[in-house]
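The values are calculated or read from the model by the stated rules, or taken from the named source; none is laboratory data. What you see is a predicted model, and the numbers here were worked out from it, not measured in a lab. All Cβ positions, glycine included, derive from the backbone under ideal geometry; neighbour counts span all protein chains shown. When the accessible area is computed, the model is the full protein with side chains, heavy atoms only, and any ligands, DNA or RNA have been set aside. Shrake-Rupley method; radii C 1.70, N 1.55, O 1.52, S 1.80 Å.
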Amino acid sequence: MQKSNSESVKSKKNFGRVIRPYLFLLPIFTLMIIFKYIPFVNAIVTSFYKWNGGNVREFIGLKNYIDLFQDKQFWIALFNCVKICVANLVIALTMPLLAAELLYAFRSKKAQYYLRTLMTFPMVVPGVVVILLWKWILSGDTGVLNTVLTNIGLENLVTPWLGSSKTALFSIILIGFPWVSGLNFLLYYGALQAIPGELLEAAKIDGANIFQRFFRIDLPMLASQTKLIITLCLINSLQVFETIFILTKGGPGTSTMVPSIMLYESAFSFKKYGYSSAIGVVMFVIILIVSAFNQKFLKNTETMD
Amino acid sequence: MRLSSRILSIVSRILFYILLILTLLPFYLLVVNSFKNAAGIIKDPFSVPDVLYIINYELALPQIVKPMLNSVFVTLAIIVITCVLSLLAAYAFARYQFFLKEVLYFGVIALLMIPGFVLLIPQFVQVVDLGLYDTYAALILVPAAYQVAMGTFLMRSSIEGMPKSLFEAAELAGANDLQILRYIVVPLSRPILATVSIMTGLSAWNNYMWPLVASTSEETRQISVALNQLVYDAVQGKGVQLAGYVCASLPIVIMFCLASKSFIEGLSQGAVKG
């Protein structure tokens, strides 16, 4: 960008052309700098401070981080997060694929279209409604699940699902059962539809049965979707917040505690903004590492085949 | 062989329908029980109600009409801001070569990776510092700052995919950037604008944590927050809350029924952002 002192029309016009793209970018950057970049930098800076949200603010170096790594609750929260990650991963890689294969097996394309739309329906119900609905289904006194268990003679299984530290985490994973609606299903189903017809035709002529077709054709053809689902699933599980916030707030005890809830509570309940920021920074780094790892893993396998 | 494949096909159909029924069951429960009183729900949550307790809706509606209108306003504002800012930015990235172009582009999309909860508190502090706590501005601008990244990403590739000859012809005819945007880019961007609007709109309508943190007064209360605060009496019980949930879901469900194809498109693209 060279500023010209000459008053000629041409250079004025050139200058206009040079700054024009920046003018187009001005609004978006104004918005992002004020509401994303400054808060992000503040989060990092605050993590080195002891701050009560008001007048007490002193630089304490790495103390928040040292405290955090010695905080038993943080390790419990991380471990709960890992449990949720593993469970979600197992679920995400099996159930939606099963549903997609079953739907794909329907002969009529029209039936497939309508059934897919029906299957997608829960995705447009507001997330809060879905969570509150499951809160009711799983609730202790008048919950639907307990009513069903009583009615079929399994009274001894009746329990306050979200209110007992033994079952709370399990109940949170149970939400969305049978876990087939949603993005993963759409991704798998879309990929199945994209498998070239000649490939399936050839397999048929060779006398491949349905299981051979699944393992030799479908699974390899779904490889990139599977990798995407793994990445999304890991990142989303590490960020789990709203569901647990509405259902249990991390309790009973620490049985459903996760880092996001700890972060929220240490800021808003305990006024430890510095400590809260340190949790955020650590989680950000963990998610960054997981994403980078995935990126590498994705690239490597892609060059292999 | 023939017979076994027929059996397999029947079994797979039955299995699929079982999965579908289980998937939709909570929503069936939601609708039927929203018409029952407390006793009816406890007696048998699965039955179709014999008496329709419309009173559930009469009790729920006054509690959620105002929050729903608030949410409609905030959602529309977020959609408009996201579409306009993303389109302008995407146009610059797709049509111009300029100093620091790719660095700036990275600056727009890089923060997609930051988990929402990490920024929740610093954003709250920022909004308080700016004197925007409990205002529509806070409820609109902060979510929009998230959405513009994905919007720019999707629209840049859309504009880059448009035929170059169109732009050249327009420039030869003396059209300026705004005219090119207005008469070429916007009309050709309808599908991608629809996708971005649906994606943005859904996440704005569903947003719970930010409105919970950024607003307190009834004046600005958003629907998702109001749903978690619905009050009811002992006689009608849970039914009132369920009626509220049904009402809050209806606007989007109706739109989904009218345009399920673009919705599914928007949903798939939106969640892949990761």
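Cα centroids of the range A:105-184 and the range A:257-276: 30 Å apart. Given a 1.4 Å probe and the protein chains as shown, A:Lys109 ends up with an accessible area of around 130 Å². Annotation: per residue accessible area for the range B:54-271 equals 41 Å², rounded to a whole number [probe 1.4 Å, protein chains only].
Once the mean 1/r over all distinct Cα pairs of chain B is inverted, what Kirkwood radius in angstroms do you read off?
Evaluated over chain B, this radius sits at 22.0 Å.
Which shape class, rounded, prolate or oblate, goes with the range B:201-251 when its Cα gyration tensor gives a ≥ b ≥ c as root eigenvalues, a/c under 1.5 marks rounded, and past that a/b bigger than b/c marks prolate? Here the range B:201-251 falls in the oblate category.
Across the range A:71-304, C-alpha contacts under 8 Å between residues 6 or more apart give a mean separation that, scaled by the residue count, equals a relative contact order of 29 percent.
Listed values for the range B:234-244 are Karplus-derived 3J(HN,Hα) couplings in whole Hz (6.51 cos²θ - 1.76 cosθ + 1.60, θ = phi - 60°), namely 5, 6, 7, x, 3, x, 5, 4, 4, 4, x, and x replaces Gly and Pro.
Give the longest segment of chain B that steers clear of GluC sites (Glu not before Pro) in DSSP loops with at most 16 neighbouring Cβ atoms within 10 Å, not counting the sites themselves.
B:1-217
Give the calculated FRET efficiency between A:Asn151 and A:Lys72 to the nearest 0.05, with a Förster radius of 45 Å applied to their Cβ-Cβ distance. Calculated transfer efficiency: 0.60.
What's the local net charge at B:Val51, with K and R +1, D and E -1, over the other residues with C-beta under 13 Å away? Within the 13 Å Cβ shell, the charges total +1. Which trypsin sites (Lys or Arg not before Pro) in the range B:170-274 sit in a loop by DSSP (not H, G, I, E or B) and have at most 12 other Cβ atoms within 10 Å of their own Cβ? Hits after loop and neighbour filter: nothing returned. A Gaussian network model of chain B, with springs between Cα atoms under 10 Å, assigns the largest mean-square fluctuation among B:Gly116, B:Gly239, B:Gly151 to B:Gly116.
Using a probe of 1.4 Å, the accessible surface attributed to A:Phe293 totals some 140 Å² when neighbouring protein chains are kept in position.
Please report the carbon-and-sulfur percent of the accessible area for chain B; probe 1.4 Å, protein heavy atoms only, DNA, RNA and ligands left out.
For chain B, the apolar C and S fraction of the accessible surface comes to 70 percent.
Quantify, in whole percent, the carbon and sulfur part of the accessible surface of the range A:9-64 (1.4 Å probe; protein heavy atoms only). Roughly 70 percent of what the probe reaches on the range A:9-64 is carbon or sulfur. Given in Å, the Rg to one decimal and the Dmax to the nearest whole number for the Cα atoms of the range A:9-64 are 19.8, 60.
Give me the accessible area buried between chains A and B, both sides summed, with a 1.4 Å probe, in Å² rounded to the nearest 100.
8000 Å²
The calculated 222 nm mean residue ellipticity attributable to helices in the protein assembly as shown amounts to -22500 deg cm²/dmol, summing -39500 (n - 2.57) over DSSP H runs of n ≥ 4 and dividing by all residues.
Distances between every pair of Cα atoms in the range A:71-304, grouped in 10 Å steps from 0 to the bin holding the largest one, split as 7, 25, 29, 23, 13, 4, 0 percent.
Normalised by residue count, the protein assembly as shown yields a Cα convex hull volume of 203 Å³ per residue. Each residue of the range B:26-36 was assigned a 3J(HN,Hα) from its phi angle through the Karplus expression (A = 6.51, B = -1.76, C = 1.60, θ = phi - 60°), giving x, 7, 5, 4, 4, 5, 5, 6, 5, 9, 10 Hz with x at Gly and Pro. When the Gaussian network model of chain B links Cα atoms closer than 10 Å, the mean-square fluctuations of B:Ser224, B:Ser197, B:Ser47 top out at B:Ser47.
Could you sort A:Ser47, A:Ser181 by their accessible area in this structure, using a 1.4 Å probe and putting the largest first?
Listed by decreasing accessible area, they come as A:Ser181, A:Ser47.
Near A:Ile60, the amide H atoms lying under 5 Å from its own belong to A:Tyr49, A:Lys50; only residues 5 or more places off or on other chains count, and H is placed 1.01 Å from N. Taking B:Ala194, B:Ala138, B:Ala149 as the candidate residues, the one with maximal mean-square fluctuation in a Gaussian network model of chain B, Cα springs under 10 Å, is B:Ala194. Would you mind checking A:Lys63/A:Lys296; A:Lys135/B:Lys43; A:Lys296/B:Lys101; A:Lys83/B:Lys238 for any pair whose Cα atoms are more than 29 angstrom apart? In this structure, A:Lys63/A:Lys296; A:Lys83/B:Lys238 lie more than 29 Å apart at Cα. Normalised per residue, the accessible area of the range A:163-304 is 46 Å², obtained with a 1.4 Å probe and no contribution from ligands, DNA or RNA. In whole Å, what is the distance between the alpha-carbon centres of the range B:211-274 and the range B:36-58? Computed from Cα coordinates, the inter-centre distance equals 21 Å.
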